[in-house]
1. Which residue, of SER147, SER91, is in contact with a Phe, Trp or Tyr (Cβ under 6 Å, 6 or more places away or on another chain) and farther than 21 Å from ASP171 by Cβ?
2. What strands (runs of 3 or more DSSP E) completely inside region 204-298 contain at least 1 residues that are of a type in the set (Val, Ile, Thr) and surrounded by fewer than 22 Cβ atoms within 10 Å (Cβ to Cβ)?
3. For the subset of region 119-130 comprising residues that are in a loop (DSSP other than H, G, I, E, B) and open to solvent by less than 70 Å² (accessible area, probe 1.4 Å), which member is nearest to ARG294 (Cα to Cα)?
4. Looking at THR133, THR149, THR168, which one is among the β-branched types (Val, Ile, Thr), open to solvent by 20 Å² or more (accessible area, probe 1.4 Å), more than 24 Å from ARG224 (Cα to Cα) and within 20 Å of the chain's Cα centre (by Cα)?
5. If you take the residues of region 23-41 that are open to solvent by less than 80 Å² (accessible area, probe 1.4 Å) and not hydroxyl-bearing (Ser, Thr, Tyr), which of them is nearest to the chain's Cα centre (by Cα)?
6. Residues in region 161-170: is at least one aliphatic (A, V, I, L, M), touching a residue at least 40 places away in the same chain (Cβ under 8 Å) and not in a helix (DSSP H, G or I)?
7. ILE150 versus (1) touching a residue at least 40 places away in the same chain (Cβ under 8 Å); (2) farther than 13 Å from ARG119 by Cα: which is the lone unmet condition?
Amino acid sequence: MKGVATTGRRPRRRSRPVTVVAAILILLLALLVGYALWTVYENTLTTAALDQGPSSNATPSPGNALSATAARALKAYGGEAVWRDATTVESTVTVGGLLFQLKGINIPPHAKIIVDVQRPHTVIDPVDASGDTGVLDGFSVKILSPSGTILDQRADAREHLQNASTSTKWDRLNLVYFLGYAFWGYYSLPHQLMRTDIEWTELSDGLLQADFGTNLPVHSRIQRFWFDKKTGLLRRNDYTPVAASRDARAAHVIFEHGVSNGIPYPSKRRVKMSVGQYGWVLPFPDFITIDVERWQLR
């Protein structure tokens, strides 16, 4: 008996291009979900997390008076007597991040940076592969050769900012100005809490706002600082890095502290881009990375 032929059709297989597209879409979705979860983690379970707390009367501290948050922070970083007598901070650092890739310039790794605690003066050695040295003194900057010859200088770096956008290229003097004032501000913060030319306001427990006025080289005139309520150590500092870009919003997050001669100092710094002013940060990419390999207060 002859078999009966079947007329059923074989199921069609999904074409290879469709399979590839589906796989790519699934991968993109997974990446988006992963980035979203990473963002939530970064902004809720790390030092980037904002803790506004209940608002205080938010009035500037009068004269030399320290608010509770400022006093706790100053004590955490060694105390008032230590910082009143301090003259310099010497360090070895490696700086990186997206900003310097966009600007097309950076200092070599393991550079030596020395700041004057009492006034805005910073020396960066070396500032380039040729072994030249960058010096910031107030708003003026200069480049010195290894023999000490002045190679280039500007009396007021604010008049020559290359900051139309984050991708506007920098020359060496703009790099020296940006890093010079930035490190002066970062390293001398405990002493800045006692300066009478900076107006400090405690917005809530653990949160200070600074008005630096117009006579100090800083990222932006108004900045906010979040300190740990228990330890007094700095957790986050938000500002607009005007010398890099007029519209950028940055959050400088402290992920680790080291200790030198009994004095804590921020050793792992990561500057993140902020979604909005004083808001959540983007976990990646890092706008600036600063790894402090050696730090000493003198």
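1. One residue alone meets the criteria, SER91.
2. The qualifying strands (runs of 3 or more DSSP E) are 222-227, 250-260, 263-273, 288-297.
3. Only one residue fits best here, namely PRO126.
4. Just a single option satisfies the conditions, and that option is THR168.
5. Top of the filtered list is VAL40.
6. yes
7. The single condition ILE150 does not satisfy is (1).
The values are calculated or read from the model by the stated rules, or taken from the named source; none is laboratory data. Predicted model, so just to flag it, every value in this text is computed and none were measured. Because the Cβ atoms are built from the backbone with ideal geometry, glycine has one as well, and the counts that use them run over all protein chains shown. The protein model used for the area step is the full one, side chains on, heavy atoms only, and it has no ligands, DNA or RNA in it. Shrake-Rupley method; radii C 1.70, N 1.55, O 1.52, S 1.80 Å.
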